[in-house]
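Notes follow the structure.
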Amino acid sequence: MATTLTAREAAPAIRRRRPRSGRFRRVAIVLLFMSPWIVGFLAFILYPMLASLYFSFTKYNLLQPPEWVGLFNYKFMFLHDPLFWQSVRNTVWIVLFGVPVSIVFAVGTAMVLTRVKVGSGVYRTMFFLPTMVPAVAATLSFVFLLNPSGPINTILRLLHIPQPLWFASPQWSKPALVGLSLWAIGETMIIFLAALLDVPRQLYEAADMEGAGPWQKFRHVTLPMISPVIFFSVVIGVIFGFQYFTQAYIASGGQLHLGEPQGSMRFYAVWMFQQIQYSHMGYASALAWVLFLVVMACTVVLIKASRRWVHYQGGFR
Amino acid sequence: MKRMLCVLASFALFGAACTAGGGSKEPVETVNPSGSHAPVTLTVWDYFTERELSNLTGVLNQFKQQYPWITVNVVPGKRPIDFVRGINAGETFDVAIDSESTNVPFYCSTGGLVDLSSYLQADGTDLSTIIPPAALKYTSYQGVQCTLPLLTDAYGLYYNKDMLAAAGFSEPPKTLSELTAMAKKLTVRNPDGSLKVVGFMPLSTFYENTNMYNGNAWGTQWYQEDESSAFGTDPAWKDMLEWNKEMVDYYGYNDLQRFFQQLGGPNSEWSSANGFEQGKIALLYDGEWRGTFISDDKSKVDFGTAAFPVADDKPELYGSGQVGGTVVGIPKTAEHPSEAWLLVKFLTMNTKAVQTLANLLGNVPTTFESLKDPKLANDPLFKPFMEIFQNEHSYLLPLTPAASAPADLFADFQGKWEAGKVSDLQSGLEDLATAVDQQVGLG
C-alpha cells in the first residue's frame, strides 16, 4: 500500500540529513586544509619511523636488500658493544650535569637582568647574542679560547691556577662543552626572563608583609611561579641532551677524531653517526629506536613527576 | 587494532622494500672511439674542490680533446657517504672519484660500483702490466676490481736536516731503536719542563700517526686466515703498542697533549702552524704531499725524506710503508657506463693524464709508465715516496666492507692505552679483536 508522507512527517528526515552532510563537508574541509600536514606526516615522519623500525631488525647497508636478523642488533647493542655503553655514559653525564647547570645559570642570569634598571635592553641583547652564533662557529671559538695556550689558560696561569687541557683532556672535555652551552644560554634565559617579569608583584608584597626574606621569597614565590618554564626547559634540555652531537663533533676535531680524547666525547648520537658511516644502517636504526624510547620514557616520567612540583596559575595543566 | 597493526607493518615492509637497493649486472658494451657518436654528457661526482678541482678540470679537458663528443660535468666536493646515498637513491652519475680507498670493499661487495673486469676483458687490458700490485690490491676486494687507482699517497719520514746535524746525526734512522734514540736526543724542554722541541711525536692522534700505527713498520697482521681479527694473536701489535707507550711515557702524556694543542691541535696539520714546518718537531711521519705544503707555506725548514724506520727484527721491511689513495669507479646507476669506462681508463691508465695530475697535486702516480716521470723520479725529496709505493712490502691495511670501523676501534683502544688506562695489554687486545669481529659482522 502506497503511503504519502506529509510535509510535517518528512521534515525530521530532511533535518537529520542536513546536519550529516554539513558535518561531512566540515570534516572534508578540515582534512583538505590539513592535507599538506597529513601528507608530510605520513611521508616524512611515519613512513621513515616505521621503515627504520623494520631496518632495526635487519642487516642493511643501503645498497643491498635488508637481511632479517631478528633481535641481533639489540642484543649486540646491550651485550657486546662496549662503545655503546661508553656513549651512554657520556650522554647521561651531559644530561645529568649539563641540563641542570644550564637551567640554574639561565635562571640566575634572568634574575640578575630583572634587577638591572639602566640599559636593561643592552644587557639582554648582550646575553642573547651568543644564541645567534651558529653552533659550529661557537664551538670553534671555544676550541680557540680553551686551547692550552689560549686566552683562558693564559689568565689562569697569571692567577697561578692549574691550566686544564680542556678539549684535549678526557676529564675536562665534557665540562668544557657545558661551559660552551652556558655561553649560548640566551634562548632559555629570555624565556625565564619573561616568566620572572610575569610573576605578580602582589605575591612579593604579600610575602614581604609576612616577613619573608629573599630566599623564602625565591623558594615560595618565584620558583613555584616559574615552575612551568623550568619544566619546559628541563624537557627540552633532556631531549636535546640525548641528541648531543654538533659541538662534540667539532670540538673533538671532526671526522677523523670522532669521540676523542679517549672516547670522552663519543656521545650517543656520535656513535650512531659512526654506524651510519660504516653503512651499518640496521644497527644505526636500532640505536635510533632505543634513543627514541628512552627519550619518550624520560619525557613521560618528567610529565608525571611535574604534577608534584609544577604550579600553574589558575590551576590549569 | 590488529588490523591497524597489520596495515602499519605492511606499510613499513613495503616502504623498506622500496628503499632497499638492488641491482643486476648490465651487459657490458664498449665504445669504439674512432666511430661516429651522438653527443653524451658524463656526470662525475668527485671529492676534489678548489685548487685540486681546477687541476682535475685541466686533465678532463685533455679527455675532451680525445673524445670530442663527450662532455664532462663535474659535481665537486662529494664525500663517501654521498656516493652511497646517491647510488641508493638511483642518482644517475656516471663516474665516482672517491678519496678514501677504505670504502672499496663495501663498493665491490655490494655492487655499488660495478665490476670493471668485463670492461678490461673486452678491451684486452692486463692490469698487472700497467698498475703496481699494491694499488691493485687496495682497489679490489675478493677478486672484484670495482675501482682503479687515481694517484696514491705513500707515507714515510720527514727529517729536519739542521736539527739532525746539530745533534751529530748524518743519516735518518732506519730502525725503531735508532728512531727512539734520535728522538730523545733531539728533544728540548723549556726551563719549566714543558716541551719546546719534540724529537718525534708518538701520540696516535697526532697528524698522520693513525696511519703509522696501522703497523706497516712492525709488519702487523690485521686478520687471520679465517678472516677474524689478529689483534689478539699477532705479537707485532703488542710490540708496536709497547714501543708507543715507551715513547709516550718518556715525554709524558700530558706534556705531549699540551705541546700538540699549543701547536694548534689537529687543524695545525694543514696550515703553516704545522709543528714540523715551524721547526718544533725534528722527525715526522707524513705523506708525500707534505713537501708541497712546506713549499706552499714558505717554511724555511731544511728537510730530507726517507722511508720510515722499521722494527729492529724486521729489517727486510725497510723501504716499505703505507700506500693508498683516490679511487675511481662506475656506479651501478650510471646512465652512460660505456663512455664512463673511457673516462675511468683515461684518468687511471693514460700516462700523460696520470703524470699531469701527479705533478699538479703532488701525489704519487699509479702506473708503471707514469712512475718514470722524469720530474718526479729525479726529485730527491719525492723519489723515496715513489720507491715506497713500488716496494713489495708496501700495502694499505687489509679492508673489509665495514670500512674504517676496525681501524676506529683500534684507535679508540690505543688512545686509552697510551694514556695509561689499559692495565693488561694482551687481554685488551683480545677484547679488541672480539669487538672488531662483531663490528665487521654488523655489515
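Give me the distance in nm between label points sitting 7 Å out from Cα along the Cα-to-Cβ direction at B:Leu136 and A:Leu129, one decimal.
Result for the modelled spin labels: 6.4 nm.
Given a Förster distance of 25 angstrom, what is the FRET efficiency for A:Thr299 paired with A:Glu67, based on the Cβ-Cβ distance and rounded to 0.05?
Values: r = 33 Å, r/R0 = 1.34.
With a Förster radius of 25 Å, E is 0.15.
How many angstrom separate the Cα center of region B:143-222 from the Cα center of region A:270-317?
Each part's Cα centre sits 46 Å from the other's.
Show me A:291-300, A:32-41 ranked by packing, highest mean number of other Cβ atoms within 10 Å first. Walk me through the numbers on the way to the answer.
Values: A:291-300: 13.8, A:32-41: 10.5.
Ranking the peptides A:291-300, A:32-41 by packing returns A:291-300, A:32-41.
So between B:Gln224 and B:Lys185, what do we pick up on full extension, going 0.36 nm a residue minus the alpha carbon distance? Don't jump to the answer; show the numbers that get you there.
Numbers: separation 39, 0.36 × 39 = 14.04 nm, distance 3.86 nm.
Length gained between B:Gln224 and B:Lys185: 10.2 nm.
Semi-axes of the protein assembly as shown's equivalent ellipsoid from the Cα gyration tensor, sqrt of 5 times each eigenvalue, largest first, rounded to whole Å? Don't jump to the answer; show the numbers that get you there.
Numbers: eigenvalues 554, 333, 114 Å².
Those come to 53, 41, 24 Å.
Report the full-extension gain for the segment B:Gln65 to B:Trp289: residue separation times 0.36 nm, less the Cα-Cα distance, to one decimal in nm. Let's see the in-between values first.
Working: separation 224, 0.36 × 224 = 80.64 nm, distance 2.94 nm.
Full extension of this stretch gives 77.7 nm more.
How much accessible area is lost when chains B and A come together, counting both sides, with a 1.4 Å probe, in Å² rounded to the nearest 100? The partial results should precede the final answer.
Numbers: alone 20050 and 19960 Å², together 36210 Å².
What B and A bury together is about 3800 Å².
What pairs in B:Lys185/B:Lys280; B:Lys161/B:Lys185; B:Lys137/B:Lys375 have C-alpha atoms more than 22 Å from each other?
Values: B:Lys185/B:Lys280 14 Å; B:Lys161/B:Lys185 14 Å; B:Lys137/B:Lys375 27 Å.
Beyond 22 Å: B:Lys137/B:Lys375.
Normalising by the residue count of chain B, find the relative contact order in percent from Cα pairs under 8 Å and 6+ residues apart. Mind dumping the intermediate values first?
Numbers: 750 pairs, mean separation 110.2, N = 443.
It comes to 25 percent, rounded to a whole number.
Using alpha carbon coordinates only, what is the Rg to Rh ratio of region A:56-178, with Rh defined as the Kirkwood radius? Provide the component values of the computation, followed by the final result.
Values: Rg = 21.7 Å, Rh = 18.8 Å.
A ratio of 1.15.
With a 1.4 Å probe and all protein chains left in place, how much of the accessible area of chain B comes from carbon and sulfur atoms, in whole percent?
On the way: 9340 of 18160 Å².
Carbon and sulfur: 51 percent of the exposed surface of chain B.
Counting only C-alpha contacts under 8 Å and six or more residues apart, can you give the relative contact order of region A:72-315 as a whole percent? Present the calculation step by step, with values, prior to reporting the outcome.
Values: 251 pairs, mean separation 69.8, N = 244.
Reported as a whole number, the value is 29 percent.
Could you identify which residue out of B:Lys345, B:Lys161, B:Lys298 has the top mean-square fluctuation in a GNM of chain B using Cα springs shorter than 10 Å?
Residue with maximal mean-square fluctuation among B:Lys345, B:Lys161, B:Lys298: B:Lys298.
Cross-link candidates for B:Lys314: which lysines have Cα within less than 19 Å, leaving aside residues fewer than 8 places away along the same chain?
B:Lys174, B:Lys238
Find the relative contact order for region A:220-313 and round it to a whole percent, using C-alpha pairs within less than 8 Å whose residues are 6+ positions apart.
39 percent
Under 4 °C and 1.567 mPa s, how fast does region A:210-317 diffuse according to Stokes-Einstein, given a Kirkwood radius computed over C-alpha pairs? Answer in µm²/s, whole number.
Values: Rh = 16.7 Å.
Translational diffusion coefficient: 77 µm²/s.
Roughly how much of A:His220 is accessible, in Å² to the nearest 10, using a 1.4 Å probe?
Using a 1.4 Å probe on the heavy atoms, I get roughly 120 Å².
Treating cross-link reach as a plain straight distance, find the lysines whose alpha-carbon is under 17 Å from the alpha-carbon of B:Lys245, omitting any fewer than eight places away in the same chain.
The reachable lysines, counting only those whose Cα sits under 17 Å from B:Lys245, are B:Lys184, B:Lys416, B:Lys421.
Distance in nm between label sites at B:Thr49 and A:Met49, each 7 Å beyond Cα in the beta-carbon direction?
Here the answer is 3.5 nm between the modelled labels.
Using a Förster distance of 45 Å, how high is the FRET efficiency between A:Asp208 and B:Glu242, based on the Cβ-Cβ distance and rounded to 0.05?
Numbers: r = 71 Å, r/R0 = 1.59.
With R0 = 45 Å, the Cβ-Cβ based efficiency is 0.05.
Within the accessible area of region A:222-317, what % is carbon and sulfur when the probe is 1.4 Å and the other protein chains stay in place?
Working: 2890 of 4090 Å².
In region A:222-317, the share of accessible area belonging to carbon and sulfur is 71 percent.
If you count, for each residue, the other Cβ atoms within 10 Å and average over each peptide, how do A:113-121, B:190-198, A:221-229, B:74-82 line up from highest to lowest? Walk me through the intermediate numbers first.
On the way: A:113-121: 10.9, B:190-198: 13.6, A:221-229: 18.3, B:74-82: 16.2.
Packing order, densest peptide first, comes out as A:221-229, B:74-82, B:190-198, A:113-121.
To check you understand DSSP bridge types, tell me what percent of the beta bridges within the protein assembly as shown (both residues inside) are antiparallel, rounded to 5.
On the way: 24 of 37 bridges.
In the protein assembly as shown, DSSP labels about 65 percent of beta bridges as antiparallel.
Taking Rh as the Kirkwood radius computed over C-alpha pairs, what is the Stokes-Einstein D of chain A at 10 °C in a medium of viscosity 1.306 mPa s, expressed in µm² per second? Don't skip to the end; give the middle numbers.
On the way: Rh = 24.2 Å.
For these conditions, the coefficient is 66 µm²/s.
Summarise the partner chain shielding of B:374-382 as one whole number: the mean count of Cβ atoms from other chains within 10 Å of each residue's Cβ.
On the way: counts 0, 0, 0, 0, 0, 0, 0, 0, 0.
Average per residue, whole number: 0.
Between the alpha-carbon centers of region A:97-116 and region B:334-389, tell me the distance in whole angstrom.
Their Cα centres are 60 Å away from one another.
Treating the Cα atoms of chain B as identical point scatterers in vacuum, please give the log10 of the normalised Debye intensity I(q)/I(0) at q = 0.05, 0.06, 0.08, 0.12 Å⁻¹, two decimals.
So the normalised log intensities work out to -0.20, -0.29, -0.51, -1.06.
Taking beta carbons within 10 Å but only from partner chains, what does the mean come to for residues B:259-270?
Details: counts 2, 3, 12, 5, 2, 4, 8, 7, 4, 0, 1, 0.
Mean shielding count: 4.
What nm distance separates the two modelled labels at B:Ser271 and B:Ile81, each placed 7 Å from Cα along Cα→Cβ?
About 2.5 nm separates the two model spin labels.
When the chain is fully extended, how far beyond the present Cα-Cα distance does B:Asp437 get from B:Asp312, taking 0.36 nm per residue of separation?
Values: separation 125, 0.36 × 125 = 45.00 nm, distance 3.03 nm.
Additional length available on full extension: 42.0 nm.
The values are calculated or read from the model by the stated rules, or taken from the named source; none is laboratory data. Everything numeric in this text was worked out from a predicted model, so none of it was measured. A quick note on method: Cβ atoms are made from the backbone with ideal geometry, for glycine too, and the neighbour counts reach across all protein chains shown. Quick note on the areas: whole protein, heavy atoms, side chains included, nothing else; ligands and nucleic acids left out. Shrake-Rupley method; radii C 1.70, N 1.55, O 1.52, S 1.80 Å.
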